[in-house]
Amino acid sequence: MNKLKSLDPPHKGLRNALGKLAFTSGKTNYGDLQSVEKLKTLANEVFYLLKDHTQTENKFILAPLEKRNPGSTNQYLSDHDEIHEMETNLLERFNSLNGLQSNEDGHLLYLDFCKFQSIYLEHINEEDSILEAKLQLHFTNDELIQHQIEIMQEMSFETLLLWFKYIAPARRHDENAQVLTGYKSVAPELAFNEVVNTIKAEVGELEMNQILYLVK
């Protein structure tokens, strides 16, 4: 039986989200308020997920690992503090946009965000290869699943929908179907349907039907 990859879903979702923000910030007309407002909405979604992931990882991934393997999480926690400072600065700059900036100003923001994106991707790549292996070494599959259950229990429905928006398009149909099968078994029908509609808005009706065909 393959070991559960705890970090795979959120990290794929964040790679998708970061890529969309880089793409959008590179093509935005910074002198047009309507265009800027769309960029700001996207930026706030992306940075909200980045913050939520760090908090979740610190509490439900790194804290249990530190108890099993003391000292093994210090570098990750330090990296998270440094990344948080960069996130705070960049989000403030995105939110300060008001349609009066020049496209040259926007280009500088775009370049700084892309630099942050590179740093963040290097960080999660290291976690996917090194930290994931530590989790699989020190925890059983059942324990890793329990971590995921605890995360889901604490997460608000609005946050869950936002994660589905970015994670689902970045994963295979069978992976999405597995998650939806589990969610369908415990969620009210209205909540399940809202999740489906959120994913459908991102992947299209055809792909959504292909996923639902696999849902049990």
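Listed by position, the helices (runs of 4 or more DSSP H) enclosed by the stretch 121-191 that each have at least 3 residues that are more than 22 Å from Asn74 (Cβ to Cβ) are 141-154, 157-167, 173-186.
The rows are residues; the columns are (1) under 17 Å from Lys134 (Cα atoms); (2) in a helix (DSSP H, G or I); (3) at pLDDT 95 or above.
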residue: Lys3; (1), (2), (3): yes, no, no
residue: Leu14; (1), (2), (3): no, yes, yes
residue: Thr41; (1), (2), (3): no, yes, yes
residue: Asn58; (1), (2), (3): yes, yes, yes
residue: Ala63; (1), (2), (3): yes, yes, yes
residue: Asn89; (1), (2), (3): no, yes, yes
residue: Leu109; (1), (2), (3): no, yes, yes
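Can you confirm whether His138 is in contact with an Asp or Glu (Cβ under 8 Å, 6 or more places away or on another chain) and surrounded by 15 or more Cβ atoms within 10 Å (Cβ to Cβ)? For His138, the condition - in contact with an Asp or Glu (Cβ under 8 Å, 6 or more places away or on another chain) and surrounded by 15 or more Cβ atoms within 10 Å (Cβ to Cβ) - is not met. Select from the stretch 78-102 the residues that are among the polar types (S, T, N, Q), touching a residue at least 40 places away in the same chain (Cβ under 8 Å) and surrounded by fewer than 13 Cβ atoms within 10 Å (Cβ to Cβ) and list them in ascending order. The answer is Asn95, Asn98, Ser102.
So is Leu49 among the aliphatic types (A, V, I, L, M) and in contact with a Leu (Cβ under 7 Å, 6 or more places away or on another chain) or not? Criteria met by Leu49. Residues that are touching a helix residue (DSSP H, G or I) at 6+ places or on another chain (Cβ under 6 Å) and of a type in the set (Ser, Thr, Tyr) do not occur anywhere in the stretch 94-105.
The values are calculated or read from the model by the stated rules, or taken from the named source; none is laboratory data. Worth saying up front: this structure is predicted, and the values here are computed from it rather than measured. Because the Cβ atoms are built from the backbone with ideal geometry, glycine has one as well, and the counts that use them run over all protein chains shown.
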